[in-house]
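All remarks here apply to the structure that follows.
FYI, it's all coordinate maths here, none of it is from the lab. These figures come from a predicted structure and were not determined experimentally. Positions of Cβ are generated from backbone atoms using ideal geometry, with glycine treated the same way; all protein chains shown enter the neighbour counts.
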Amino acid sequence: MTKADLVEQVAEAIGPGITKKDCALVVDGLLNAVKRALANGEDIEIRGFGTFKVRKRKSRMARNPRTGEGVQVPSRSVPVFKPSKHLRKRVSQLDSPASAPVDGAGLG
């Protein structure tokens, strides 16, 4: 799904009364707020969806695959996402036989 697809789905969910252009501004505003918060080291918790956090990775020794030489990788901060129990349950339903297409319906 692309950002344009997301904007379209949000506009459809809201219904008439909001244009796709206005909806794109809302989606951009949300994404920018998430980026700013993570850049400031803040956590973002969206109940029923998940939590965005910044984790510090330790420095480590890695290996250059071409030369086999050891290379020091410095410590760094990385964004991580931890899905909520509700989201994990919804996604795991994709694997259940009840959600599989019947007689090949919806394939190809």
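Distance between the 7 Å Cα→Cβ label points at Ala4 and Asn64: 4.2 nm.
Calculated mean residue ellipticity at 222 nm for the chain: -12000 deg cm²/dmol, from DSSP H runs with n ≥ 4 weighted as -39500 (n - 2.57), summed, divided by the residue count and rounded to 500.
GluC sites (Glu not before Pro) within the stretch 1-99: which are DSSP loop residues with at most 11 other Cβ atoms inside 10 Å?
Glu69
For the stretch 1-86, the Kirkwood radius over C-alpha pairs fed into Stokes-Einstein at 20 °C and 1.002 mPa s yields D = 134 µm² per second.
Pairs to check: Lys21/Lys85; Lys56/Lys85; Lys53/Lys89. Give those whose C-alpha atoms are more than 31 Å from each other in this structure. Beyond 31 Å: Lys21/Lys85.
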